[in-house]
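Working notes, beginning with the structure itself.
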Amino acid sequence: MFDFGFWELALVLIISLIVLGPERLPVFATQLGSILKKIKDFANGVKNSIENESRMKDLKSIIEKQKDELSKFEDTIDSDEK
């Protein structure tokens, strides 16, 4: 997803250490991790919901085709009985 190398991550860590200080950095990292996990879970939920909706649409179209075929079959049987 992101193409970060070692030096980019090291630079971010050093800047974070300077800005936040050694006391607040672990708390900030924990909060950031928690927020990122919530965002990831939300995105996965949306993805699963879209996939389920797509499957439901496909199943509905299959059911409609089966109903049409059954109706044609019933019409054929009714016309043969007459």
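The values are calculated or read from the model by the stated rules, or taken from the named source; none is laboratory data. Small disclaimer: the values here were computed from a predicted structure and weren't measured. Positions of Cβ are generated from backbone atoms using ideal geometry, with glycine treated the same way; all protein chains shown enter the neighbour counts.
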Since LYS37 meets every condition but one in (1) exposed (fewer than 10 other Cβ atoms within 10 Å of the Cβ); (2) modelled with pLDDT of 95 or more; (3) charged (D, E, K, R), which condition does it not meet?
(1)
One residue is enough: does region 11-24 have a residue meeting the conditions part of a helix (DSSP H, G or I), surrounded by 10 or more Cβ atoms within 10 Å (Cβ to Cβ), of a type in the set (Gly, Ala, Ser) and within 19 Å of the chain's Cα centre (by Cα)?
no
Consider ASP58 carefully, then state whether it is among the charged types (D, E, K, R), out of contact with any Lys or Arg (no Cβ under 7 Å at 6 or more places or on another chain) and in a helix (DSSP H, G or I).
yes
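Take GLU74 and decide whether it is surrounded by 10 or more Cβ atoms within 10 Å (Cβ to Cβ), of a type outside the set (Phe, Trp, Tyr), part of a helix (DSSP H, G or I) and under 32 Å from the mean Cα position of the chain (by Cα).
On the way: surrounded by 10 or more Cβ atoms within 10 Å (Cβ to Cβ): yes; of a type outside the set (Phe, Trp, Tyr): yes; part of a helix (DSSP H, G or I): yes; under 32 Å from the mean Cα position of the chain (by Cα): no.
No: the conditions fail for GLU74.
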